[in-house]
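Chemist: I have a structure here, written as structure tokens, and I will follow up with some questions on it.
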Amino acid sequence: MKNIYFVQINDVYAGDREKIYIPYAVGCIEAYCLQNTLIASEYSFQKILYRRQDIDTVVRSMQEPFMVLFSCSVWNTEFNLALAAAVKKAFPACYITFGGHQVSSREDYLQEHPCIDFLVHRGGEEPTAQLLAGLALQSELSQIPNISFRSADGKIYTTPSVPQTGTDYPSPYLTGVFEEILQDDVDFSILLETNRGCPNNCAYCDWGTLHSAVRLFPMERVLREIDWIVEHKIEYVYCADANFCLFSRDAQIVDYIISCNQKYGYPKFFHVNFTKNRQEFVFDVSTRMIRSGLSKAQTIAFQSMHPQALSHVGRKNLTADHFRRLLKQFAHSGIATYSELILGLPGETYDSFCAGICALLEYGQHFSVNVYPCELLPNSEMGRPEYRKRYRINSTRVPFRLMHSTREDCASTVTEYAEYVTSTYSMRREEWASSLLFATYIQGLHNLGLLRAAAIYLRHACGISYQRFYQSLMDYSASHPTLLLGRLYRRIRALCDGVSRGENEFVATVPDTENILWGFDEMLYLYAYMELDTFFEEIRNWLVEKMSADETLEQLLLYQSRIIKRAGCSEIRIQTAYDFYAYFRQIYLDDPVPLQRAQTTIVVRDTHPVDSFAQYAREIVWYGRNRRETDYTSGFYPVEYMRKSRI
């Protein structure tokens, strides 16, 4: 029998034990192939390769491979290319096949990489099975849709692109494909598909270019896969559906997962990407997930707040009033939310981007605004030459590592790269870097809580806009390079500029945090936390210089500094001459009231104490972020609230 090797390399996440996503994509393809009796009789499928290793070691472990098939994503493509070249050198007769989101449908991809023999486009199950069967029968490969290949005379052929309509794919979980790798000493997280496809046509995403209808997998299969998750004690499940809750049956799926969690303890987490439509249905399902502990927060995505940018990429947003009502609805139900923006969309300017972030704060999204750089996917509409030319899109090839993976998690020295949009007709590269810097300050200082209370008070009581507040802080920090604020600014500024030039990754390490790779906003927070007293003293001096100081400001800064969670504390008592606790609580509920001068005491019992800085970084800033654990008054911790009559 001929030996087949599947390769889907995933990064290892930090933790007490190694955590890694199961190689779901190649598992699906193997399961589909094995149902074909010809393939099962002709080929022997070897252990799936799913983690980085020394390339020479991997090649030496292979036994006369007939074909090696690679699933390519942004985090593994360069490793795949290096391994493919090494395999081809060691085994010249071995076929090399590439597929996945990072594989271009352009024929010149094969010209650029002579070690590759076949490309698989669209979904991998059917064309891969047809390819293996065709090679076994020595039949004409040009009749197989959705592939590219190099013929014996060296010519490159791409067969017609045909939408796939099947829903009867066998499950890699239920067919035992993963049983061998499950014996490894690794904590696997898994992907669950209840459907495949997307009805949207966003220019930055490659799903829309497929133009295929959303296909539902049989409900019986989905429920049996959930049973498999329970049986194998899988803690974290990521739902790969593009628009969860697009279908009413998704509520039944969630209810079944909740019942399994309550009865058996697994899974412990269930992450989904909710549809942008059907908001009331989403609210109901999301509330059930969060109340059961399966989820931490509800996303309300925007991509951009700028109408022209949205038009260019084929998106529509909720209206501002609708968004505000949703935030209020979630807040009154005690449900945390987060919103998402994309940096680098054509039509966006520096001013519109910064204004868009601050508009979300104005609407009440104070706790979590996630900003993602626009990645130029090779098979998206935005990746096409005519689209790039129309909007004068330039990109930068940036070294890539997954956030919260570890710096020392692999033996390979291969560097991965992502291609990000860093300039368009409306935004220069320097403005892109400045936009990233501004977003980092909002996320690191406002969303994570270090200056949230101060910024909100000055906005509501003094009319100082969020954009003015944070831009003034950045300007002050830049002009005081010897201060802690100045050092923080220079560090983050250099990283943002470096990304725009392709000189460094979007992540970096922080001392004494177990070599975990942090996002820039987390870095900003953690470095400030290291010198928290100095940070707040310098913030006080800045505010006194820029805004006139009075007793209220002094009391506000006392309150702001004391509500930040600290390692080594089990109980915190905060006394102020103003009732800041009720004041901010009502603002978060979108029912603001004037600040009252009243002797107020709050006592916070820390229900998640941590002792070390490393533990604080991992469990509070990383794990606890969506639960708002950096702020004692954000709703995660029990608060005893006492107020005397007005002074």
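The values are calculated or read from the model by the stated rules, or taken from the named source; none is laboratory data. Since the model is a prediction, treat every value here as computed from it, not as a measurement. Note: ideal-geometry Cβ built from the backbone for every residue, glycine included; neighbour counts use all protein chains shown. Areas reflect the complete protein model, heavy atoms only, side chains present, ligands, DNA and RNA absent. Shrake-Rupley method; radii C 1.70, N 1.55, O 1.52, S 1.80 Å.
Chemist: Of the residues Tyr391, Tyr387, Tyr350, only one is surrounded by fewer than 21 Cβ atoms within 10 Å (Cβ to Cβ), modelled with pLDDT of 95 or more and touching a Pro at 6+ places or on another chain (Cβ under 7 Å); which?
Modeler: Tyr391
Chemist: Can you confirm whether the range 437-460 contains a residue that is closer than 27 Å to Val398 by Cβ and open to solvent by 40 Å² or more (accessible area, probe 1.4 Å)?
Modeler: No, the range 437-460 contains no residue that is closer than 27 Å to Val398 by Cβ and open to solvent by 40 Å² or more (accessible area, probe 1.4 Å).
Chemist: Are there helices (runs of 4 or more DSSP H) fully within the range 454-571 with at least 2 residues that are more than 26 Å from Leu402 (Cβ to Cβ)? List them.
Modeler: Passing ranges, in order: 466-478, 484-500, 532-546, 551-562.
Chemist: Something else: Would you be able to tell me the number of residues in the range 612-647 that are modelled with pLDDT of 95 or more, more than 18 Å from Ile335 (Cα to Cα) and in a loop (DSSP other than H, G, I, E, B)?
Modeler: 1
Chemist: Please state which one of Phe79, Phe66 is open to solvent by 20 Å² or more (accessible area, probe 1.4 Å), over 21 Å from the mean Cα position of the chain (by Cα) and in contact (Cβ under 8 Å) with a residue 60 or more places away in the chain.
Modeler: Phe66
Chemist: Looking at Ser477, Ser423, Ser434, Ser465, can you tell me which residue is over 22 Å from Cys358 (Cβ atoms) and either open to solvent by 50 Å² or more (accessible area, probe 1.4 Å) or in contact (Cβ under 8 Å) with a residue 12 or more places away in the chain (or both)?
Modeler: Residue meeting the stated conditions: Ser423.
Chemist: Go through the range 168-208 and count every residue that is within 20 Å of the chain's Cα centre (by Cα), farther than 23 Å from Arg122 by Cβ and among the small types (Gly, Ala, Ser).
Modeler: Looking only at that region, the number is 1.
Chemist: Could you list, in sequence order, all residues of the range 137-167 that are touching a Phe, Trp or Tyr at 6+ places or on another chain (Cβ under 9 Å) and either without any contact (Cβ under 8 Å) to a residue 40 or more places away in the chain or open to solvent by 30 Å² or more (accessible area, probe 1.4 Å) (or both)?
Modeler: Leu141, Ser142, Ile147, Phe149, Arg150, Ser151, Ile156, Tyr157, Thr158, Thr159, Thr167, listed by residue number.
Chemist: Quick check: is even one residue across the range 601-614 surrounded by 15 or more Cβ atoms within 10 Å (Cβ to Cβ), within 31 Å of the chain's Cα centre (by Cα) and of a type in the set (Asp, Glu)?
Modeler: Within the range 601-614, one or more residues are surrounded by 15 or more Cβ atoms within 10 Å (Cβ to Cβ), within 31 Å of the chain's Cα centre (by Cα) and of a type in the set (Asp, Glu).
Chemist: Output the number of residues of the range 348-368 satisfying the condition of being of a type in the set (Ser, Thr, Tyr) and under 14 Å from Lys328 (Cβ atoms).
Modeler: Of the residues in the range 348-368, 1 are of a type in the set (Ser, Thr, Tyr) and under 14 Å from Lys328 (Cβ atoms).
Chemist: OK, next. Taking helices (runs of 4 or more DSSP H) that fall entirely within the range 57-148, which contain at least 1 residues that are closer than 30 Å to Met403 by Cβ?
Modeler: 77-90, 108-112
Chemist: If you don't mind, another one. Could you grab me the full set of residues in the range 501-554 that are more than 30 Å from Arg397 (Cβ to Cβ) and open to solvent by less than 40 Å² (accessible area, probe 1.4 Å)?
Modeler: Ala528, Tyr529, Leu532, Phe535, Phe536, Glu538, Ile539, Trp542, Leu543, Met547, Thr552, Leu553
Chemist: Which of the residues that make up the range 403-412 are at pLDDT below 90 and either β-branched (Val, Ile, Thr) or assigned to a loop (DSSP other than H, G, I, E, B) (or both)?
Modeler: Answer for the range 403-412, where residues must be at pLDDT below 90 and either β-branched (Val, Ile, Thr) or assigned to a loop (DSSP other than H, G, I, E, B) (or both): Thr406, Arg407, Glu408, Asp409, Cys410, Ala411, Ser412.
Here's the yes/no breakdown for (1) in contact with a Gly (Cβ under 7 Å, 6 or more places away or on another chain); (2) in a loop (DSSP other than H, G, I, E, B); (3) under 23 Å from Ala203 (Cα atoms):
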site	(1), (2), (3)
Ile335	no, yes, no
Leu341	yes, no, yes
Leu345	no, yes, yes
Gln365	no, yes, no
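Chemist: Considering the range 13-55 alone, what residues qualify as being open to solvent by 60 Å² or more (accessible area, probe 1.4 Å), more than 26 Å from Leu192 (Cβ to Cβ) and not β-branched (Val, Ile, Thr)?
Modeler: Correct list: Ser41, Gln53, Asp54.
Chemist: So is Thr607 in a loop (DSSP other than H, G, I, E, B) and among the polar types (S, T, N, Q) or not? Full working, then the answer.
Modeler: Numbers: in a loop (DSSP other than H, G, I, E, B): yes; among the polar types (S, T, N, Q): yes.
For Thr607, the condition - in a loop (DSSP other than H, G, I, E, B) and among the polar types (S, T, N, Q) - is met.
Chemist: I've got another one for you. Looking at Glu571, is it acidic (Asp, Glu), open to solvent by 10 Å² or more (accessible area, probe 1.4 Å) and closer than 18 Å to Tyr616 by Cβ?
Modeler: Working: acidic (Asp, Glu): yes; open to solvent by 10 Å² or more (accessible area, probe 1.4 Å): yes; closer than 18 Å to Tyr616 by Cβ: yes.
Yes: the conditions hold for Glu571.
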